[in-house]
Amino acid sequence: MKLLLVLLAVLFGVWLWRSRRLAERPQTPRRPAELQNMVTCRVCGVHLPSTEAVRTAHGAYCGEGHRKQAEK
């Protein structure tokens, strides 16, 4: 029983030490994520970043399958 109490006291001390150490650490400011232009697939209507879209003269598509489907 004494061993259990000692173990609990040690665990509590470690938890207290870690929580104070984390509270004292300066927070690093987060950079906002880069904004990207969104486009809509002409077949299914899903919105995706323009950098990931398959583009043709007729519009943007979410993948090659929808581009081919639109050409038919």
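Read the figures in this text as sums done on the coordinates, not as results from a lab. It should be emphasised that the depicted structure is a prediction, and the values quoted were computed from it without experimental measurement. Note: ideal-geometry Cβ built from the backbone for every residue, glycine included; neighbour counts use all protein chains shown.
Springs between Cα atoms under 10 Å define the GNM used for the chain, and in it the highest mean-square fluctuation of ARG20, ARG31, ARG55 occurs at ARG20.
So, with +1 on the Cβ of K and R and -1 on the Cβ of D and E, and no other charges, what is the size of the charge dipole of the chain about its Cα centre, to the nearest 20 debye? Please report the intermediate quantities before stating the final value.
Details: 12 positive and 5 negative charges, 65 e Å.
The dipole magnitude comes to about 320 debye.
Working note: Karplus 6.51/-1.76/1.60 with θ = phi - 60° gives the stretch 9-22 the couplings 5, 5, 4, 5, x, 5, 4, 5, 4, 5, 5, 5, 5, 5 Hz, where Gly and Pro are set to x. Under a 5 Å amide H cut-off, with hydrogens placed 1.01 Å from N, VAL39 pairs with LEU48, SER50 among residues at least 5 apart or on other chains. For GluC sites (Glu not before Pro), the sites in the stretch 21-72 that DSSP calls loop and that have at most 12 other Cβ atoms within 10 Å are GLU34, GLU52. Along the axis of the charge dipole computed for the chain (Cβ charges of +1 for Lys and Arg, -1 for Asp and Glu, origin at the Cα centre), the listed residues LEU48, LEU16, GLY59 are led at the positive end by LEU16. The alpha-carbon positions of the chain define a convex hull whose volume is 162 Å³ per residue.
The stretch between GLU52 and GLN27 holds 5.7 nm of extra length on full extension. This uses 0.36 nm per residue minus the Cα-Cα distance.
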